[in-house]
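Below is one structure, written out as structure tokens, with a few remarks after it.
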Amino acid sequence: MLKKTSAPDLDALRLIDERLRWLSAWTIHHANHLRDSPDGLKVGGHQASCASMTAIMAALYFHALGPNDRVAVKPHAGPVLHAVHYLLGSQSREQLENFRGFRGMQSYPSRTKDRIPVDFSTGSVGLGVAVTAFASLVQDYLIAHGEMAAEAAGRMVALIGDAELDEGNIYECLIEAAKHDIRNCWWVVDYNRQSLDATTPDRMFSRFDEIFASCGWRVVTLKYGRRLEAAFAEPGGAALRAWLDECGNADYAALTYLGGGAWRERLANEAPEAKPLLDARDDDSLHALMTNLAGHDMASLVEAFDAARDDVPTLFIAYTIKGFGLPFAGHKDNHAGLMNPGQIAALRERMGIAEGEEWEPWAGLGGNSAEAAKALVERSRIARARRDRAWNQVEVPAIPAPAGEEQSTQAAFGRILLDLSRAGGALADRIVTTSPDVTVSTNLGAWVNQRGLFRRQDLADVFAAAKIPSAQKWGATRAGQHVELGIAENNLFLMLAALGLAGDLFGTRLFPIGTVYDPFIARGLDALNYACYQDARFLLVATPSGLTLGPEGGAHQSINPPLIALGQPGLRHYEPAFADELALFMEEAFRLIQAPDGESVYLRLSTRTLRQIGRTDEGWRAGAIAGGYWLREPGEGAEAALVYCGALAPEALAAWQALEGDLPGLGLLAVTSPDLLHRGWSERRRSRWSGAGAAPSHVERLLAPLAPTAGLVTLLDGAPAALSWLGGVLGHRVSPLGVERFGQTGTLPDLYREYRLDAEAIVEAAAELFLD
Ligand SMILES: Cc1ncc(C[n+]2csc(CCOP(=O)(O)OP(=O)(O)O)c2C)c(N)n1
Ligand SMILES: [Mg+2]
């Protein structure tokens, strides 16, 4: 039996709802109207989007949510989340006063920058929603693997704006979530019928619930509040209800803005049978009645949340009013609307708050009311403090390079994982792999055969049972360690985000590895950025790079991922040519995944089989980790160097051999990470300006032996700009070779000749640089 929420508690929740509405509005007002603005820029904030959600958030945070629940809050309701923590005592007035200020509370909830506990960052609408579904899956993974007690399962909650439902990634995620039978997930839609630009179209209104229901979700629609429901039972109520049911979004919003007189006139014309209801009310109470939607009705909200305590994924559609209780309620242009000083003063007075007491959490409340509200806040079970990130550390073993004279980095990747799996141990047990339908073609097959697919319910391998020979054994169990995704790269990155936050969300660090086709990184770019923004940690393995794919053609040839990586914070790009480099980078990636100041790693691999090089010592390793090393040391004062990245090593080596006689001291630089070299260079310049005077960066040290007048030929199977900047480091001349046009099918020699990546092109480029 559910404990019924007592009436005093509902009253206290209503007070908290009002207080959240006030504090969020005041926080935004303060930042825009009261704080000094040295640059004269508008600060902004979304009072209407906040007001639309305060009742929902009061009911959740001070009634429904428990300590294990994790929440993604609609970005524009960030100030409400901060107000929640202000009431809880876990947010300071100073931070509220510094809303959108330097080092102040952020515009949108940020896991890494806000001082309050934020479970999921939000900002790019749709992504914060979908990540909660993947977090539910990760929670089930941890429970199935004995890393979490089933009783400790929390609910993954997303608080969504209705316009967010237009984001396609929501439906991609919905389909994946249905396949994996996710549970313990609540999405609460703030159905205020408004987006940024306008009121939302009516046509889709009734469809969303059908879409969710067909994916196995329970849909709970919270439309009319208690007072409206009661009015529907009065004489004339049926007519009122029929009229309201049919009322279009724009009409409803406009009437909400216009108020009591407008409702009366409209209803008198269009629903004359509702006259007794109109006659019994003055304009103000008619307006209050017509805007009594369930998303602002505490009793309806509490009852709905209480009734959904099983683990069925649930979509709550809570009808609300954008800007509820504020002067621009319902106005289609209110998204970024700000109350003027007169309006906020009127609101303050209406709430009984004295001037000067705006920041007092319970200002203007009578003793009993304040005590009841405080008591309820005290009882809230949600965490007050940010969780620290000190979870389990796993010993990362040395990862040897797979043996073999001839190898591709992609094949070596599969081999390394297989060896790790066979050797067993804590790291292997904590690795989770995932891939959007390219598991086999990215060489994860052997690992999956060893470690199995993950499913909450066992799934037999039908082909194996029928004794049909296949290299892939795809039985799924609760112990499996590979999460197979459908072909939606956006979901891959959201899955990596959720897996990469397993420590933060559930207290157990996982080592997520996602594989994808390199060109299709672009398909999920914002989700990748979103994962990095939250400091989720994972290893992204993308193959095949560039033209080395050869006959597969232009559609699959990646060109710009090295540039993407160069510009993506929180993601370190390594592009190995040889298997021993790859092994080193995988070891480094596992270290970085759990290092407090670590990051995620992107490995750009290749299907091209290369003859491995003999090493005489281990000296190259430190350089490779730092972003580059001389495969052939340049002579002191050398006039030239060839610089290559990844799978073009053979062409670079061949050109080096061809040129070495003519260009004494010619160096051959292996760049393993354009990204890291660039970062080090920037860092050095930054520290110089701040007076810290750091030592020369790795790239400066690498290039230092060359003559100031030296020339560099750079070579990359991808956008040449990823390396051409090297000329800026010490002022060397550069001839950048790379791919700037879409590729096409062909043999590698054909393609390398056409796109000028072969040894001959390198020699010509060198000749032009050095001999002209
Ligand atoms: C991916 C993305 N595109 C665009 C925006 C800009 N944007 C912010 S809020 C918003 C509309 C939000 O409407 P809704 O989700 O209904 O929230 P409400 O403010 O009405 O509660 C838009 C387009 C964004 N934040 N993210
Ligand atoms: Mg909206």
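Things to note:
- The portion of the accessible surface of the chain made up by carbon and sulfur, rounded to a whole percent, is 52 (1.4 Å probe; DNA, RNA and ligands excluded).
- Think of each Lys and Arg Cβ as +1 and each Asp and Glu Cβ as -1; about the Cα centre, that makes the dipole of the range 230-375 roughly 200 debye.
- Cα lying deepest toward the dipole's positive end in the chain, options ALA649, VAL440, GLY500, charges on Cβ: GLY500
- Ordering ALA130, SER6, ALA626 by Cα displacement along the dipole of the chain toward the positive end leaves SER6 in first place; charges were set at the Cβ atoms of Lys, Arg (+1) and Asp, Glu (-1).
- The distance separating the Cα centre of the range 120-134 from that of the range 1-75 comes to 19 Å.
- Note on ALA280 and ASP181: the model spin-label points, each 7 Å out from Cα along the C-beta direction, lie 5.0 nm apart.
- Only Lys, Arg, Asp and Glu carry charge here, each on its Cβ (+1 for the first two, -1 for the last two); on that basis the chain has a dipole of about 1440 debye about its Cα centre.
- Per residue value of the accessible surface for the range 599-741 (all protein chains in place, 1.4 Å probe), Å²: 39
- Tilt relative to the chain, helix 237-246 - C-alpha long axis, 0 to 90 degrees, to 10: 20
- GluC sites (Glu not before Pro) within the range 651-700, DSSP loop, no more than 16 other Cβ atoms inside 10 Å: none
- Across all directions, the average flat footprint of the convex hull enclosing the Cα atoms of the chain is 38.2 nm².
- When you filter the trypsin sites (Lys or Arg not before Pro) in the range 1-80 for DSSP loop state and at most 16 other Cβ atoms inside 10 Å of their Cβ, you are left with LYS3, LYS4, ARG35, LYS42.
- Using alpha-carbon coordinates, inclination of helix 579-594 to the longest axis of the chain, degrees: 30
- Protection-proxy order for peptides 344-357, 76-89, each taking the mean of Cβ atoms within 10 Å per residue, highest first: 76-89, 344-357
- Relative contact order for the chain, counting Cα pairs under 8 Å that sit 6 or more residues apart, in percent: 11
- Helix axis angle, 759-771 relative to the chain longest principal axis, alpha carbon, degrees: 80
- Residues of the range 358-479: accessible area per residue with a 1.4 Å probe, Å²: 52
- Considering only beta bridges that DSSP places wholly inside the range 604-719, some 30 percent are antiparallel.
- All lysines inside 29 Å of LYS179 as judged from Cα atoms, apart from same-chain residues fewer than 8 positions distant: LYS74, LYS467, LYS473
- Cα→Cβ-extended label distance, 7 Å offset, between ARG350 and THR616, nm: 8.2
- Ordered from largest to smallest accessible area (heavy atoms of protein chains, 1.4 Å probe), the residues PHE454, PHE324, PHE463 come out as PHE463, PHE324, PHE454.
- Spacing of the modelled spin labels on PHE102 and ALA370, each 7 Å from Cα toward Cβ, amounts to 3.7 nm.
- In a fully extended conformation the segment linking GLU265 and ALA464 would gain 64.5 nm over its present Cα-Cα distance, using 0.36 nm per residue.
- When the square roots of the Cα gyration tensor eigenvalues are ordered a ≥ b ≥ c, the ratio a/c for the range 634-752 is 1.5 or more and a/b does not exceed b/c, which makes its shape oblate.
- Magnitude of the charge dipole, the range 429-503, Cβ model with Lys/Arg +1 and Asp/Glu -1, debye to 20: 240
- DSSP beta bridge pairing in the chain, given as percent antiparallel to the nearest 5: 15
- Heavy-atom accessible surface of the range 1-115, averaged per residue, reaches 37 Å², computed with a 1.4 Å probe.
- Applying both filters, DSSP loop and at most 12 other Cβ atoms within 10 Å, to the trypsin sites (Lys or Arg not before Pro) of the range 554-629 gives ARG615.
- Backbone N under 12 Å from the THR709 label point (7 Å along Cα→Cβ), restricted to the range 753-772: 770-772
The values are calculated or read from the model by the stated rules, or taken from the named source; none is laboratory data. Nothing here was measured: the structure is a model prediction, and the numbers come from that model. Ideal geometry is used to build each Cβ from the backbone, glycine not excepted, and the neighbour counts take in all protein chains shown. Protein only, heavy atoms only, side chains kept; ligands, DNA and RNA dropped before computing areas. Shrake-Rupley method; radii C 1.70, N 1.55, O 1.52, S 1.80 Å.
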